[in-house]
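Student: Before anything else, here's the structure in question.
Any read-out appearing in this document is the output of simple, stated calculations on the displayed coordinates, not a laboratory observation. As the structure is a prediction and not an experimental result, all values here were calculated from the model. All Cβ positions, glycine included, derive from the backbone under ideal geometry; neighbour counts span all protein chains shown.
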Amino acid sequence: MVASIGRRPTARLWRTTTTLKKENHQFMENAVYAFRLQGEPVKCTPFGHGHINSTFKIETDQGAEYVLQRINTYVFKDPVGLMNNAGAITDYIRERVDDPRLALHFLTTTDGEFYFEDEKGKFWRMYDFVGGFCLDTPECEEDFYQSALAFGRFQQMLIEFPAETLTETIPEFHNTIDRYRQLKESVAADQMGRLSGVMADVEFLLAREERGSQLQKLREQGVLPLRVTHNDTKLNNVLLDKKTRKSLCVLDLDTVMPGLSAYDFGDSIRFGAATAAEDEKDLSKMEMDLHLFEVYTRGFLEAATNLTDEEIRALPMGAYTMTLEVATRFLKDYLDGDVYFNVAYPEHNLVRARTQIKLVADMEKKMDEMVAIVARVAAEIRK
């Protein structure tokens with residue numbers, strides 16, 4: 001559906017400084033005028049450092065500020081479902097909170113949609129600009145704690161939202177059973193002839209298939225409830241207040257889907273409580289920091305106060321499962337010839353897979369302690 005474009009002033013008041021090709025400026029201008037703005041747009045500049053969507057800051061003559069994005073439909077095949085998901089959950093949150101900064105506000109077009117489709121079939125969205133800052137890595141323990149509060153609050157604010165009504169924009173994204181099926185297919189094909197050098201890695205992962213599939217089976221059995229999940233719980237997707245450094249809203253809602261609360265918790269632990277980078281070649285540096293695990297657990301559970309007992313008990317397994325799942329994805333891509341993840345050198349995906357395998361092994365050694373930490377923190381919060 002192509003939205004109608006709002007009426008424009010006779011003289012174009014806004015000047016454009018963008019990285020788009022000149023012939024695409026008209027499409028961007030059409031997108032800007034398709035949304036319901038406060039005032040006339042007078043300035044458009046490139047914004048942010050994202051690599052997937054093209055992002056711009058729009059300013060109007062009445063002092064209003066917005067963020068305009070062209071959605072990358074090569075990566076996101078269902079932009080309509082994606083935007084309906086994002087618009088539905090943010091409107092839901094904004095109706096229930098006093099501070100509007102706790103959720104993005106997506107504008108609607110003159111036709112009442114959360115997106116605009118231009119003449120070339122490209123999709124655009126716009127939301128209110130919210131002042132703040134993001135971090136790629138925590139500068140202190142408090143930053144990781146604030147991230148936990150933000151994603152725990154995200155769970156809490158959407159605890160009663162009907163997750164089943166959301167579109168699964170990336171089908172089977174965290175279906176570990178299906179991830180293992182895909183890995184086995186790549187092992188059987190061995191299309192790049194790399195299998196002989198990674199047999200120990202394959203055997204390690206296949207030996208843990210049953211354990212790694214537990215959460216998916218509990219979901220299918222209805223033991224773990226379906227929740228709204230963010231699915232990209234990195235620190236740089238949390239907006240922090242410039243003055244207080246406290247967390248505000250979560251950003252990048254492109255992968256919001258139905259899922260398990262343990263997925264979001266687990267992926268945060270996978271990278272945030274790890275002691276080495278995802279592509280560290282020296283495996284002796286990679287383990288899970290139990291102190292950081294407790295820091296994040298406390299923040300997450302302080303905010304997400306309505307999780308069920310079963311969900312809370314599943315949190316340690318969420319960290320284990322997400323790490324195991326990512327290991328299977330990296331190894332599969334290595335066997336396939338590096339067709340999904342960007343690589344800097346031929347063994348990059350193998351290095352990534354082995355860091356995750358090392359992290360899985362360390363979590364196995366510490367699982368009893370992880371379980372005890374979650375139980376103790378949950379009990380302390382519920383007192």
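Student: Under 8 Å for C-alpha pairs, at least 6 residues apart: give me the relative contact order for the chain, rounded to a whole percent.
Tutor: 16
Student: Using 7 Å Cα-to-Cβ label points, what is the ARG313/GLU95 separation (nm, one decimal)?
Tutor: Each label point is offset 7 Å from its Cα along the Cβ direction, giving 3.5 nm.
Student: So what's the angle, to the nearest 10 degrees on a 0 to 90 scale, between helix 176-189 and the longest Cα principal axis of the chain?
Tutor: Taking Cα atoms only, the helix is inclined about 80 degrees.
Student: Another question about this same structure. Which value, in debye to the nearest 20, describes the size of the charge dipole of the range 141-382 about its Cα centre when Lys and Arg Cβ atoms bear +1, Asp and Glu Cβ atoms bear -1, and nothing else is charged? Don't skip to the answer; put the middle values down first.
Tutor: Values: 29 positive and 42 negative charges, 62 e Å.
Computed about the Cα centre, the dipole is about 300 debye.
Student: Only Lys, Arg, Asp and Glu count, each charged at its Cβ (+1, +1, -1, -1), so figure out the dipole size of the range 15-128 about its Cα centre, rounded to 20 debye.
Tutor: 440
Student: Using the count of nearby Cβ atoms within 10 Å as a rough guide to exposure, how do THR137, THR60, THR244 rank from fewest to most?
Tutor: On the way: THR137 12, THR60 18, THR244 9.
If I rank by nearby Cβ atoms, fewest first, I get THR244, THR137, THR60.
Student: Could you give the distance between the Cα centres of the range 83-152 and the range 362-383, to the whole Å?
Tutor: 32
Student: Given a cut-off of under 8 Å on Cα pairs at least six residues apart, what relative contact order in percent is computed for the range 15-128?
Tutor: After rounding, I find 26 percent.
Student: Using modelled backbone amide H atoms (1.01 Å from N, in-plane), which distant-in-sequence or interchain residues come within less than 5 Å of ILE71's amide H?
Tutor: Residues meeting the amide H criterion: PHE123, TRP124, ARG125.
Student: Rounded, prolate or oblate: which fits the range 15-128 when a ≥ b ≥ c are the square roots of the eigenvalues of the alpha-carbon gyration tensor, with rounded for a/c under 1.5 and prolate only if a/b beats b/c?
Tutor: Values: a/c = 1.66, a/b = 1.21, b/c = 1.37.
Judged from the Cα gyration tensor, the range 15-128 comes out oblate (a/c at least 1.5, b/c at or above a/b).
Student: Shape call for the range 228-292 from the C-alpha gyration tensor, a ≥ b ≥ c root eigenvalues: rounded (a/c under 1.5), prolate (a/b greater than b/c) or oblate?
Tutor: In terms of gyration-tensor shape, oblate.
Student: Still on this model: By how many degrees, 0 to 90 and rounded to 10, does the Cα axis of helix 290-303 deviate from the longest principal axis of the chain?
Tutor: Approximately 50 degrees, to the nearest ten.
Student: Next up: Run lengths n ≥ 4 of DSSP H only: what is the helix-derived mean residue ellipticity at 222 nm for the chain, with -39500 (n - 2.57) per run over all residues, to the nearest 500?
Tutor: When only DSSP H runs of four or more count, the value is -14000 deg cm²/dmol.
Student: Determine which aspartates and glutamates satisfy two conditions relative to LYS43: a Cα distance under 13 Å, and not lying fewer than 8 residues away in the same chain.
Tutor: Candidates past the 8-residue exclusion: GLU29, GLU59, ASP61, GLU65.
Student: Could I ask something else about it? Pulled fully out, how much extra length does the chain show between GLN182 and THR55, if you take 0.36 nm times their separation in residues and subtract their Cα-Cα distance?
Tutor: 42.3 nm
Student: So which aspartates and glutamates pass the test for LYS184, namely a Cα distance under 17 Å, with those fewer than 8 places away in the same chain ruled out?
Tutor: Within the straight-line cut-off, LYS184 pairs with GLU172, ASP201, GLU203, GLU209, GLU210, GLU325, ASP333, ASP336, ASP338.
Student: Next up: Counting other C-beta atoms within 10 Å, which of HIS230, HIS25 has the fewest, and how do the rest follow?
Tutor: HIS25, HIS230
Student: On to the next question. Ranking VAL32, VAL97 by Cβ neighbours within 10 Å, fewest first, what do you get? It would help to have the intermediate numbers written out before the result.
Tutor: Values: VAL32 24, VAL97 13.
Ranked by crowding around the Cβ, least crowded first: VAL97, VAL32.
Student: For the pairs LYS234/LYS285; LYS332/LYS365; LYS120/LYS243; LYS77/LYS358, flag any whose C-alpha to C-alpha distance is greater than 32 Å.
Tutor: Violating the 32 Å Cα-Cα cut-off are LYS120/LYS243; LYS77/LYS358.
Student: Going by alpha carbons, how many degrees (0 to 90, nearest 10) lie between the helix axis of 79-94 and the longest principal axis of the chain?
Tutor: Helix 79-94 sits at roughly 90 degrees to that axis.
Student: Assuming a ≥ b ≥ c are the square roots of the Cα gyration tensor eigenvalues, decide whether the range 192-329 counts as rounded (a/c under 1.5), prolate (otherwise, with a/b larger than b/c) or oblate.
Tutor: Here the range 192-329 falls in the oblate category.
Student: If I take the Cα coordinates of the chain and project them onto the principal axes, what are the three extents in Å, biggest first?
Tutor: Principal extents (largest minus smallest coordinate, Cα): 68, 57, 39 Å.
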